[in-house]
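J.: Sharing a structure below in structure tokens format, with a few things to ask.
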Amino acid sequence: MADSDKDQALVRLFTQRESEILAEWVSTLNLGETKMTLQEAESQGRAVLHALGKAVAHGNHGDMRSAEYADVRDVLHAFSRNRALQGFSPTETATFILSLKRGLLGQIRKAAQSEDAFDLLWRVNQLIDQLGLFTVETYQKTREELIARQSKEIEELSTPVVKLWDGIVALPLIGTLDSGRTQVVMQNLLETIVQTEAEIAIIDITGVPMVDTLTAQHLLKTVSAARLMGADCIISGIRPQIAQTIVQLGVELNVVSKATLADALALALKRTGRVVSKLKAKSLPALQEPAAEARG
Amino acid sequence: MDSIPILKIGSALLVTIQVDMHDQLATRLQDDLTEKIVQHRARGVLIDISALEIVDSFIGRMLANIANVSRLLDADTVVVGMRPEVAITLVELGLGLPGVKTALNAERGLALIGGVSAAGEAADDADDD
Amino acid sequence: MPTTTDTLPITSGDDVVRVRQKVRVRATEIGLSLVDQTKLITAASELARNTLDYGKGGHADIETVLGDRRGVRVIFRDRGPGIPDIPQALTDGFTSGNGLGHGLGGARRLVDDFDIQSIVGAGTTVTIARWKR
């Protein structure tokens, strides 16, 4: 059997038996354990098979990096990237592609002549190994991008200053405050005070696990600097054990403090001459359209 | 010798410091202000330092002195527009300017002087909360 | 490796202003952040005034430092009476003049490097530096 005949056998396998291959492939996937539905598995499997069939029909089934495989790479890239972003494990991702072997081998067993079966098996094996490796590589790259982006986001998010109301800003602190970060936090807060012309700044430390002498001093400095600029600070969310620590450390936290961010906001509103009151039930504005049956 | 202009707005005096202060200028400003507070029966003094790139203990002392003298003459002093980097530096230096009122800008500062009674009410609110 | 040094006399209040301006130029050139610039200039202003008030005048050497660490260094020298008890002079609230007494201790908190040498009867030298982060 000549090489071209063997190629033809492979091409026939994909073109004539696509639906059988797909059916056997999908049936071997243990879908119950993955987060995939049957339809998803089928449509993605079909896309892979289709691209693969075209690539093989172009006469090349050895080198996945060749131009004929551009479609295959695109399909696998999109698939793998998607899995990575949706939080599938690398095993789940690769297993899906590697399971294609079962579908292909099953059809080879049924269709192929005994003498060329081994050769075909070998070719299919090599092809699928390449697909699997490509998938894992793409998965890995996507995860790395994701991690890099998340660390940057965390950095940026670590010191957000949010405007709660006209003239009222809040700085919700989360995590440990070292002296470098505190300096960034302090500058951020003071600059926001200037930009938003806020007269009251609430520093919420609900998310701060512990406060040592240095942190307490940094907080106090921030409060003093804000006062020099003409803004008042309220500290909220001091945990009981932090309150004890501060007293034991002998740091005089001589600032207005409130138990919760909500209490601090209430005080801030009051100080800026605003009242929060409850409306009567009748005059409550609807948040959603009332349901049809309620109207009738 | 040059001097810093003092503007009268209602019952308040407004001083905008824009130049790098040296000793004579600071002394002259204190003298001029004292005179004008009495002359205009001013209830408040606004000192706008938003143009100042640094405030050292010399300027800090001048601001505190003006506030103390004004208080004796029954006028409030409000320092307005201190820049964030200046505020951070002053705190690190150990100068909290006790006894000096502050505001973000001249408008708020004027409200603070004009509405002495309103500010007093707000303080009461904070206490009984 | 320091570059050229600006040497300015400190014999009047105007000289203190000139020292500040020169330090600002150097700090901006080397790219110190706004807060770092402000801290360094304020420290220089405090020390220049000390030189004038307690050291009976002197001069300041201002230099840019390049190399592993980049920053601005300022050296204040006077031939005044000197400081007999340096630790005490560095304590907040201590003053031999009639200031608020934040000069030396406060200036030290505003810079990265701080060194003071003083000989009673011969004079005082204070060196400060702030480095680019």
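Throughout, read-outs are computed from the coordinates displayed, never taken from laboratory work. As the structure is a prediction and not an experimental result, all values here were calculated from the model. So basically every Cβ, Gly included, is an ideal-geometry build from the backbone, and we count neighbours across all protein chains shown.
J.: By the scheme Lys and Arg +1, Asp and Glu -1, what is the net charge of all other residues having a beta-carbon under 11 Å from that of B:Ser3?
T.: Net of charged neighbours comes to -2.
J.: Between B:Thr102, B:Thr89, B:Thr16, which gets the highest mean-square fluctuation from a Gaussian network model of chain B, Cα cutoff 10 Å?
T.: B:Thr89
J.: Between helix A:3-16 and chain A, what is the angle of the helix's C-alpha long axis to the longest principal axis, kept within 0 to 90° and rounded to the nearest 10?
T.: Helix A:3-16 sits at roughly 60 degrees to that axis.
J.: Taking the alpha-carbon set of the stretch A:3-153, what are its Rg and Dmax in Å?
T.: Reported Rg and Dmax, both Å: 16.0, 59.
J.: Remind me, relative contact order of chain A in percent, using alpha carbon pairs under 8 angstrom and six or more residues apart?
T.: On the way: 319 pairs, mean separation 36.5, N = 296.
12 percent.
J.: Percent antiparallel among DSSP beta bridges with both residues in the protein assembly as shown, to the nearest 5?
T.: Given both bridge residues lie in the protein assembly as shown, the antiparallel proportion sits at roughly 60 percent.
J.: Report, as an integer, the average count of C-beta atoms from other chains found within 10 Å of each Cβ along C:6-18.
T.: Whole-number average of other-chain Cβ neighbours for C:6-18 is 2.
J.: Can you tell me what share of the DSSP beta bridges in the stretch B:6-128 is antiparallel? A percent to the nearest 5 is fine.
T.: Expressed as a percentage, antiparallel bridges in the stretch B:6-128 total about 25.
J.: Now a separate question. Please check: in the Gaussian network model of chain A (C-alpha springs, under 10 Å), which one of A:Leu228, A:Leu190, A:Leu100 has the largest mean-square fluctuation.
T.: A:Leu228
J.: Run the simple label-point estimate for B:Asp23 and A:Val275 please: 7 Å along Cα→C-beta, distance reported in nm.
T.: So the label points at B:Asp23 and A:Val275 sit 5.8 nm apart.
J.: Sticking with this one: With chain A treated as a Gaussian network of Cα nodes joined by springs under 10 Å, which of A:Gln44, A:Gln195, A:Gln150 yields the largest mean-square fluctuation?
T.: Judging by the Gaussian network model, the answer is A:Gln195.
J.: Let me ask something else. Ignoring everything except DSSP H segments at least 4 long, calculate the 222 nm mean residue ellipticity for the protein assembly as shown; use -39,500 (n - 2.57) per segment, divide by total residues, nearest 500.
T.: -17500 deg cm²/dmol
J.: Taking the Cα centre of the stretch B:60-107 as origin, sum charge times position over the Cβ atoms of Lys and Arg (+1) and Asp and Glu (-1), and report the length of that vector in debye to the nearest 20. Walk me through the numbers on the way to the answer.
T.: Numbers: 4 positive and 5 negative charges, 24 e Å.
The calculation lands at about 120 debye.
J.: Report, in listed order, any pair from A:Lys270/C:Lys39; B:Lys8/C:Lys39; A:Lys163/C:Lys39; A:Lys258/B:Lys101; B:Lys36/C:Lys22 with a Cα-Cα distance greater than 25 Å.
T.: Values: A:Lys270/C:Lys39 36 Å; B:Lys8/C:Lys39 34 Å; A:Lys163/C:Lys39 29 Å; A:Lys258/B:Lys101 23 Å; B:Lys36/C:Lys22 36 Å.
Pairs exceeding the cut-off: A:Lys270/C:Lys39; B:Lys8/C:Lys39; A:Lys163/C:Lys39; B:Lys36/C:Lys22.
J.: Using every pair of alpha-carbon atoms in the protein assembly as shown, split the distances into 20 Å bins beginning at 0 and state the percent of pairs per bin, rounded to integers.
T.: 17, 32, 21, 19, 10, 1
J.: At 7 Å along Cα-to-Cβ for each site, give me the label-to-label distance between A:Asn188 and B:Gln39 in nm.
T.: In this crude label model, A:Asn188 to B:Gln39 measures out at 4.9 nm.
J.: Averaged over A:220-226, how many beta carbons belonging to a partner chain fall within 10 Å of each residue's beta carbon?
T.: Mean number of neighbouring Cβ atoms from other chains: 5.
J.: At a threshold of 8 angstrom on Cα-Cα distance, excluding pairs fewer than six apart, so keeping six or more, what relative contact order does the stretch A:162-274 reach in percent? Walk me through the numbers before you get to the answer.
T.: Values: 162 pairs, mean separation 30.3, N = 113.
Answer for the stretch A:162-274 is 27 percent.
J.: Let me know the mean shielding of B:20-26 by other chains, meaning the per-residue number of their Cβ atoms within 10 Å of its Cβ.
T.: 4
J.: Skipping prolines and chain starts, which residues have an amide H placed within reach, meaning under 5 Å, of the one on C:Val65, given they are 5 or more residues away or on another chain?
T.: Hits under the 5 Å cutoff: C:Gly71, C:Val72, C:Arg73.
J.: Treating the angle as unsigned and between 0 and 90°, give the value, to the nearest 10°, between the Cα long axis of helix A:18-28 and the longest Cα principal axis of chain A.
T.: Compared with the principal axis, the helix lies near 50 degrees.
J.: Still on this model: Name the shape class, rounded, prolate or oblate, that the alpha-carbon gyration tensor gives for the stretch B:6-128, where a ≥ b ≥ c are the square roots of its eigenvalues, rounded holds for a/c under 1.5, and otherwise prolate holds if a/b is larger than b/c and oblate otherwise.
T.: Cα axes put the stretch B:6-128 in the oblate bin.
J.: Answer rounded, prolate or oblate for chain C, using the Cα gyration tensor with square roots of eigenvalues a ≥ b ≥ c: rounded when a/c is under 1.5, else prolate when a/b is larger than b/c, else oblate.
T.: Taking the square roots of the gyration eigenvalues as a ≥ b ≥ c, chain C is prolate.
J.: If you average the sequence gap of Cα pairs under 8 Å that are 6 or more apart and divide by the length of chain B, what percent do you get for the contact order?
T.: 23
J.: I'd like the orientation of helix A:114-157 relative to chain A: the angle between its Cα long axis and the longest Cα principal axis, in ° from 0 to 90, rounded to 10.
T.: Long axis of A:114-157 versus the principal axis of chain A: about 10 degrees.
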